[in-house]
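Engineer: The structure follows.
The values are calculated or read from the model by the stated rules, or taken from the named source; none is laboratory data. As the structure is a computational prediction, the values presented were derived from the model and not from experiment. Neighbour counts are summed over all protein chains in view; Cβ atoms, including those assigned to glycine, are modelled from backbone coordinates with ideal geometry. Each accessible area value is taken on the protein alone, full model and side chains, heavy atoms only, with ligands, DNA and RNA left out. Shrake-Rupley method; radii C 1.70, N 1.55, O 1.52, S 1.80 Å.
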Amino acid sequence: MRKKWIHILCCLLFCLGLFNSCKTSRTASVSGKVNTKALDEFVASMQEQELQFHTLSARLSVDLNTPDKSIGSRVEMKLVRDSALQLSVQPFLGIELFRIELSRDSIKLLDRMNRRYFTENYAGFKGTLPIDFNFYNLQALFLNQLFLPGEKDVDFLYDHFRLERDGLITSLHTEDRMDLHYLFRADNEEKLLSTRISDKFGRYALFWRYEDFQIMEQQKLFPQRMEVSLLEEEQPKGGMSIYYSRIQLDKALRMDFQIPGKYKRVTMDQILKSLFN
């Protein structure tokens, strides 16, 4: 179980890390009034505050940290909502070394430096990885949104959450079919502050924290920094810092992903081994 759990967390970190404009200088204000809304009203209000768009592009600075090494890179991200997320990793002078595309049913990766590629339908991971997770959940992590594991939408599924309050913080709990626990923490303004995914014993966890909220288009708050941590027994075992330098909404995007004929097909294990060993 430990090997499988660490494997999926490494895959998530790799695939996610390989994700300023249109903002004002005004940051979010926080009042001291405790939120007393009922569960369905609270969740609906969180959804109302989400950014609305069809396409999103961003330029990111990503720092990926493992117990043995640190890797920094510029990443160009393109997202067609509810369809596909594409990441171009460009550590040197805008030269692309990796291109990754996650769609609703598959994941693809180009390793240009080693002339190889990886592609797999999510169905191929079933029975191998202990997690009930899909493209829409991944998309929600990047967009600072609440989600239900294995589902596309939260609408009308409010009773799947359990609400707890501690002062100004509201916690929403849920579980998936693999007995993983999901904890979402929001402030009294219904702003999502963090998402935590852990095994049922709480030994291993993926912790995604949102920081530096700024007012953007549509007068919506959006975090300009995301901190991702891998935890074992609450001790950090690696992580990732994501900094946004540009966000554009509803611009025409070209989602090109062509695999050169001479590239060799490899497995995700081979990719991860070369990066983290």
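Engineer: Using beta carbons and a limit of 6 Å, which pairs, at least six apart or on different chains, have the first residue in region 258-273 and open to solvent by less than 50 Å² (accessible area, probe 1.4 Å) and the second one of a type outside the set (S, T, N, Q)?
Structural biologist: Tyr263/Arg115; Tyr263/Arg116; Tyr263/Tyr117; Val266/Arg116; Val266/Phe118; Met268/Phe118; Ile271/Phe118; Leu272/Cys10
Engineer: When the residues of region 96-127 are filtered to those that are touching a helix residue (DSSP H, G or I) at 6+ places or on another chain (Cβ under 7 Å) and assigned to a loop (DSSP other than H, G, I, E, B), which remaining residue is modelled with the highest pLDDT?
Structural biologist: This residue is Arg104.
Engineer: Still on this structure: Can we say Glu164 is open to solvent by 40 Å² or more (accessible area, probe 1.4 Å), over 20 Å from Glu76 (Cβ atoms), at pLDDT below 90 and assigned to a strand (DSSP E or B)?
Structural biologist: On the way: open to solvent by 40 Å² or more (accessible area, probe 1.4 Å): yes; over 20 Å from Glu76 (Cβ atoms): yes; at pLDDT below 90: no; assigned to a strand (DSSP E or B): yes.
For Glu164, the condition - open to solvent by 40 Å² or more (accessible area, probe 1.4 Å), over 20 Å from Glu76 (Cβ atoms), at pLDDT below 90 and assigned to a strand (DSSP E or B) - is not met.
Engineer: Another question about this same structure. Out of all the residues in region 212-227, which are acidic (Asp, Glu) and either open to solvent by less than 50 Å² (accessible area, probe 1.4 Å) or modelled with pLDDT under 90 (or both)?
Structural biologist: The first filter runs over region 212-227 and keeps only residues acidic (Asp, Glu), leaving 212, 217, 227.
Within region 212-227, Glu217, Glu227 qualify.
Engineer: With the requirement that a residue be of a type outside the set (Val, Ile, Thr), part of a loop (DSSP other than H, G, I, E, B) and over 30 Å from Glu164 (Cβ atoms), what does region 33-80 give you?
Structural biologist: Step one: of region 33-80, the residues of a type outside the set (Val, Ile, Thr) are 33, 35, 37-42, 44-54, 56-61, 63-65, 67-70, 72-74, 76-79.
Still in the list and also part of a loop (DSSP other than H, G, I, E, B): 33, 35, 37-38, 49-54, 67-69.
The answer is Phe53, His54, Pro67, Asp68, Lys69.
Engineer: Please give the number of the condition Leu230 fails out of (1) at positive phi; (2) surrounded by 17 or more Cβ atoms within 10 Å (Cβ to Cβ).
Structural biologist: (1)
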